[in-house]
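Working notes for the structure below.
The values are calculated or read from the model by the stated rules, or taken from the named source; none is laboratory data. These figures come from a predicted structure and were not determined experimentally. We place every Cβ from the backbone using ideal geometry, glycine too, and count neighbours over all the protein chains shown. Just the protein is used for accessible areas: all its heavy atoms, side chains included, with ligands, DNA and RNA removed. Shrake-Rupley method; radii C 1.70, N 1.55, O 1.52, S 1.80 Å.
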Amino acid sequence: MWLYFKNFLQSLSLKTRISLVFGLSTLVLLMLTVFISYFSMSNILTEKLHSAYKSNLKQLKVSIENAIDDMNYVSQQIAFSSNLRNNLLVYLESESPYDRLKHFEELNDELNVITFSNPNIGLSLLYVDSDDRILFKSKGIKNDFDIHHAPLLIEGHNMNNYGPHISQERYKDQYVLSTVRELDLSFPKNIYIYLESKIDITRDIIEIEQHLNNTNYLIINNDQKIIYSENTKFHLNDRFQVNEDGYGKTDGYYWFSENSPKGWSIIALVPMSHYDQAMKQWSILMRYIIILFVCISIIASLFLWKSFHKPLNKFRHEIYLMEKTDFHSEVVKTKIPEFVELTNQFRNMKAQIVRLIKDIENKERDRADLEVEKLIHQINPHFLMNTLDTAKWLAVSGDREELTQLLTSLNKILYYNMGKLGTSSSLQEEIDSMEQYIKLQQIRYDFDYELNINIQNKLMSCPMPRFILQPLVENAIYHGLVDEGKITVTACSNKEHIIIKVSDNGRGMPKEKVDSILKQKDHDESKIGMGIGLNYVKRILHRVYGDLASIEVESELDRGTSVTLMIPLQEGVSSIHD
C-alpha cells in the first residue's frame, strides 16, 4: 500500500502537487476552525436564546401573576368588608323599595371605590347563581354572559381564577383573566363576585414578540391541560407535558416553559426553522470565512503557479507549436535563470530544424519543377512520327494546302510547347493552341469535328498555366468522340473563380474509367496523343494554386463527357518555380 501511494505521488504533475499541498493545508486548517467554532458558537447561541426566551416568559408570567394578585386582593376586600356584606344582605332581604334603593346606592358607591382604587380591574359585578341575576355591574356585559364558561387556571377554596379568555364585557374582544369568588353570606342563594383584569394578554404577548418573532404561546393549568393556545397544532384541553429542564422539542417546535408557584405554566413555542436561524446566520458567516480561506489559498497557488508552472506550461505550449510546424512563435517570457537557459537551448535547436526543413523544401521544389518541366516538354515520339508521316503522304499526294496547314499547326504547337519555362500563358493563347491541335488531328485522321467556343472576351486575357486545355480536348478525342462529333468549350466567372468547361457529345465513359484516367501515371498517358495528359493538368493546378483550384470529370454513356476546371480569378499566375 505504501509503495502504491509513493508511486502515485511521484506520478503527480507539478501543478497537481502545488494544488494538493495547498488544498490539504487549507482544508485541515479550515476543518479545525469550523469544528471548534461550531461547538463554541452553538453553545453561546443556545445559551443566549434560552436566556432570551426564559426572560420574556418570566416577564409575561409576572404580568399574569400581578393581574391575578390584584383581582384576588380586590375580591378579598369585597368579601371581608362587613359593611358591604350587611348592606348587601339587607338589600337582598328587604321588601321596602326605599330601603332597597338606599342600600343599593351605598353598595354601588362602596364597590366603585374599591374597583376604581385598583386600576388593573376591568369588569366587576355580583352574580346570584340560582336567579341568574347580575347586580352592580361596573360595565355593560355580553348577552351570553356565563360566570363559569372560561377555562380554569387556578382552583382554590371558594375562589377560582380563569383564563385567559375573551372578555365578557360588551364590545371588548380582548383576552383577559378573571376571578370568581363566593361571598360568605347568610343567604339561601349563592352569590359570587366576578372580576376581570384590565390587562390585555394579547397585547402583552405582542409586545414580547417584538423581540422574539414567530413565537406562539400556550398556557397550561395544574393538570397539564392547555387552557390557552395561539398555535392551531395544539388544541384546548389537550395535554402538554413539560419537564424539569424547562425546554424541549415537539412537533417541529422548540418549547420553553416558565412555571408558576400556583401550578400553571406559560410555554413559548418556537419553530425549529426560526430557532435555527441564528445558527444559519452563523453558518453563512462561516461560509464567508471558508471563501476567504479558499481565496487566500488560490492566490498563493496562483503565485507559485505563475512563478514555476506558468513558464513551464508555456514552454510545453511552444513545443506543441513546433509540432504543428510553427517554428517562429516565442511564447515563453520569464526571468527565471533556469528557464531562460533552457529556452535559449530549445530555440537554438528550433533554428537548426528550420534550416534543415528549408533545405529539404528547396530540394523537393527543385525536383517538382524538373518533373513539371519534363511533363511540359515531353511529346510522345509516336505523335511526332505519325504527324511527320502524314506530312510525307500529303507531299507525295501533292495536297499542298493540307500539308501547309498540317505543318503550320505542328509548328505553332511545338513553338507554344517550347515557350519560356515558368512564364504563365493566357486563356486566349490556350484557346489558340487548342485549336491548332484540333486542326492537326482532323488532318491526320480525316475526322470532322465541330468546335464551339463560347467565352466572354473579357476573360481571354486572364492568366493561367500553359497547356491545361489541350489535354482536356485530347481526352475528348481519344476517350469520347469516334469519327465525328462536337466539342464545346465554355468559360465564365464568378467572384472568385474562372470556370472552364470542355464538353463532347461522344460515347461517354463509365465511372470506373473516369477514375482510372484521373489516376493514370505519367508513363501510361505518354502513349496517348502528345503525351501530356490530365495528370499534368492536375499537378500544375495543384502546384500553382494549391487547394484553390480543382478539376472535375462528369461522363454519361452515349451522352458525352464534360471536364470542368475551377481556377482562382487573379491578376497573375505565379511561376511554377516560385
- Query: If you take the residues in region 466-490 that are open to solvent by less than 10 Å² (accessible area, probe 1.4 Å) and within 60 Å of the chain's Cα centre (by Cα), which one is farthest from Arg559 (Cα to Cα)?
  - Reply: Ile468
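Looking at region 82-90, can you tell me whether even one residue there is over 24 Å from Ser197 (Cα atoms), among the hydrophobic types (A, V, I, L, M, F, W, C) and touching a helix residue (DSSP H, G or I) at 6+ places or on another chain (Cβ under 7 Å)?
Yes, that holds for at least one residue.
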- Task: Select from region 397-432 the residues that are modelled with pLDDT under 85 and over 21 Å from Phe447 (Cα atoms) and list them in ascending order.
- Result: Leu414, Tyr415, Tyr416, Asn417, Met418, Gly419, Lys420, Leu421, Gly422, Thr423, Ser424, Ser425
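Mind listing just one residue for me: the one in region 66-81 that is in a helix (DSSP H, G or I) and open to solvent by 40 Å² or more (accessible area, probe 1.4 Å) and, of those, nearest to Tyr192 (Cα to Cα)? Even if it seems obvious, please write down each step before you answer.
From region 66-81, those in a helix (DSSP H, G or I) are 66-79; that's our starting set.
In the following step, the residues that additionally are open to solvent by 40 Å² or more (accessible area, probe 1.4 Å) were identified as 66, 69-70, 73, 76-77.
Values: Asn66: 22, Asp69: 18, Asp70: 17, Tyr73: 15, Gln76: 12, Gln77: 14 Å.
Out of the qualifying residues, it is Gln76.
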- Note on the structure: Residue count, region 148-158, condition more than 60 Å from the chain's Cα centre (by Cα), surrounded by fewer than 18 Cβ atoms within 10 Å (Cβ to Cβ) and more than 15 Å from Ile78 (Cβ to Cβ), comes to 6
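Please go through region 53-109 and give me each residue that is farther than 30 Å from Thr215 by Cβ and aliphatic (A, V, I, L, M), ordered by number.
Initially, region 53-109 is screened for residues farther than 30 Å from Thr215 by Cβ, giving 73-109.
Within region 53-109, Val74, Ile78, Ala79, Leu84, Leu88, Leu89, Val90, Leu92, Leu101, Leu107 meet the criteria.
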- If you go through region 447-458 one residue at a time, do you hit one that is farther than 24 Å from Lys513 by Cα, acidic (Asp, Glu) and in contact with an Asp or Glu (Cβ under 7 Å, 6 or more places away or on another chain)? yes
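Going residue by residue through region 35-54, is there one that turns out to be assigned to a helix (DSSP H, G or I), at pLDDT 85 or above, small (Gly, Ala, Ser) and more than 23 Å from Leu269 (Cβ to Cβ)? I'd like the intermediate steps shown before the answer.
In the first step, residues of region 35-54 are kept if they are assigned to a helix (DSSP H, G or I); the result is 35-54.
Subsequent filtering for residues that are at pLDDT 85 or above retains none.
Among the residues of region 35-54, not one is assigned to a helix (DSSP H, G or I), at pLDDT 85 or above, small (Gly, Ala, Ser) and more than 23 Å from Leu269 (Cβ to Cβ), which makes the answer no.
Every residue in region 548-565 that is farther than 15 Å from Leu518 by Cβ and in contact (Cβ under 8 Å) with a residue 60 or more places away in the chain, please.
Pass one, region 548-565, residues farther than 15 Å from Leu518 by Cβ: 548, 556-560.
Matches in region 548-565: Gly560 only.
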- Note on the structure: Picking from Phe293, Phe234, the residue that is more than 21 Å from Ser63 (Cβ to Cβ), aromatic (Phe, Trp, Tyr) and open to solvent by 40 Å² or more (accessible area, probe 1.4 Å) would be Phe293
- Task: Specify the residue that is most open to solvent (accessible area, probe 1.4 Å); the eligible residues are those in region 133-147 that are closer than 22 Å to Tyr91 by Cα and not in a loop (DSSP other than H, G, I, E, B).
- Result: Arg133
- When both residues are 6+ apart or on different chains and their Cβ atoms are under 6 Å apart, which pairs have a first residue that lies in region 308-329 and is at positive phi and assigned to a helix (DSSP H, G or I), and a second that is of a type outside the set (A, V, I, L, M, F, W, C) and buried (at least 16 other Cβ atoms within 10 Å of the Cβ)? none
- Query: Yes or no: Asp432 out of contact with any strand residue (DSSP E or B) (no Cβ under 9 Å at 6 or more places or on another chain) and either small (Gly, Ala, Ser) or open to solvent by 50 Å² or more (accessible area, probe 1.4 Å) (or both)?
  - Reply: yes
- Message: Regarding region 531-545, can at least one residue be identified that is more than 24 Å from Tyr416 (Cα to Cα), modelled with pLDDT of 80 or more, assigned to a helix (DSSP H, G or I) and of a type outside the set (Val, Ile, Thr)?
- Response: no
- Note on the structure: When every residue in region 273-290 that is out of contact with any helix residue (DSSP H, G or I) (no Cβ under 8 Å at 6 or more places or on another chain), open to solvent by less than 60 Å² (accessible area, probe 1.4 Å) and not charged (D, E, K, R) is compared, the one nearest to Arg17 (Cα to Cα) is Ser283
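Scan region 121-132 for residues that are modelled with pLDDT of 85 or more and either aromatic (Phe, Trp, Tyr) or open to solvent by 70 Å² or more (accessible area, probe 1.4 Å) (or both) and jot them down.
Restricting attention to region 121-132, the residues satisfying the condition of being modelled with pLDDT of 85 or more are 121-128.
Correct list: Tyr127 only.
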- Note on the structure: Taking region 152-199 and keeping only residues that are of a type in the set (D, E, K, R) and without any contact (Cβ under 8 Å) to a residue 60 or more places away in the chain, one is left with Glu169, Arg170, Lys172, Asp173, Glu182
- Task: Inspect all residues belonging to region 234-250 and state whether any of them is out of contact with any strand residue (DSSP E or B) (no Cβ under 9 Å at 6 or more places or on another chain) and touching a residue at least 12 places away in the same chain (Cβ under 8 Å).
- Result: no
- Scanning region 164-196 for residues that are outside any loop (DSSP other than H, G, I, E, B) and farther than 19 Å from Ile134 by Cβ, which turns out modelled with the highest pLDDT? Leu177
